Amino acid sequence: MDILVLIGRILFIPLFLNSAIGHLTQTKMMAGYAGSKGLPAPQASVLGSGVVMLLGALSVLLGVWADLGALLLAIFLIPTAVLMHPFWKESDATARQNEMIQFFKDISLAGASLMLFALFSFADDDLGLTLTGPLFGID
């Protein structure tokens with residue numbers, strides 16, 4: 001099971017690493033988009049979310065407090081879905097469909113992140129191929 005969890009961790013994080021790098025290297029452009037969605041302090045929000053994604057993704061990938069990393073990703077994804085992809089506000093059918101896809105992608109990934117959080121927390125030190133045990137413990 002250890003190797004399957006490692007492969008799953010490796011396959012799970014590229015989206016977050018790629019997005020985090022974009023947030024941290026293209027902050028001005030992404031802040032413009034965030035501002036157009038009505039997000040307050042868009043530049044700080046883009047930088048902050050980039051850091052949260054980077055820390056969460058690296059934590060899950062490397063297995064360093066992977067439970068905390070998975071929780072950070074869920075904490076990023078849920079508000080992002082609601083604030084950045086409010087498909088219910090779109091009147092154009094194509095825009096509505098695109099926002100709906102992004103909204104449900106973020107919600108689905110948040111669900112997967114919460115499952116990873118529970119897995120890492122519950123498995124404690126029994127889950128191998130991590131550098132540390134979990135920060136939280138679920139019994």
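Rule-based calculations on the coordinates, nothing more; no lab input. Just so you know, these numbers come straight off a predicted model, no measurement behind them. Using ideal geometry, Cβ is built from the backbone for each residue, glycine included, and neighbour counts are taken over all protein chains shown.
Find how much the distance from Leu62 to Phe87 grows on full extension, using 0.36 nm per residue of separation minus their present alpha carbon separation; answer in nm with one decimal.
Details: separation 25, 0.36 × 25 = 9.00 nm, distance 3.46 nm.
Stretched out fully, the Leu62 to Phe87 stretch lengthens by 5.5 nm.
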**Asked** Can you list the residues, at least 5 places off or on another chain, whose amide H is less than 5 Å from the amide H of Ile138, using H built in the peptide plane?
**Response** Phe122
**Message:** Taking a virtual spin label 7 Å from the Cα of Gln26 along the C-beta vector, which residues in the stretch 33-72 bring their backbone nitrogen under 13 Å of it?
**Reply:** 33-34
**Prompt:** By per-residue mean of other Cβ atoms within 10 Å, what is the highest-first order of 117-123, 36-42?
**Reply:** 117-123, 36-42
**Request:** Evaluate the distance, in nm, between pseudo-label points positioned 7 Å from the Cα of Ile75 and of Leu47 along their respective Cα→Cβ axes.
**Result:** 1.9 nm
**Message:** Please compute the contact order of the chain in relative form: average sequence separation of alpha-carbon pairs under 8 Å and at least six residues apart, divided by the residue count, as a percent.
**Reply:** 24 percent
**Message:** I'm checking a number: the convex hull volume of the Cα atoms of the stretch 69-139, normalised per residue, in Å³. What is it?
**Reply:** 83 Å³
**Prompt:** Could you give the radius of gyration (one decimal) and Dmax (whole number) of the Cα atoms in the stretch 2-126, in Å?
**Reply:** 15.3, 50
**Complete:** Computed over the chain: longest principal axis from alpha-carbon atoms vs helix 42-62 long axis, angle to nearest 10 degrees, is 20 degrees
**Request:** Figure the gain on full extension for Tyr33 and Met100 (residue separation times 0.36 nm, minus the Cα-Cα span) and round it to one decimal in nm.
**Result:** 22.4 nm
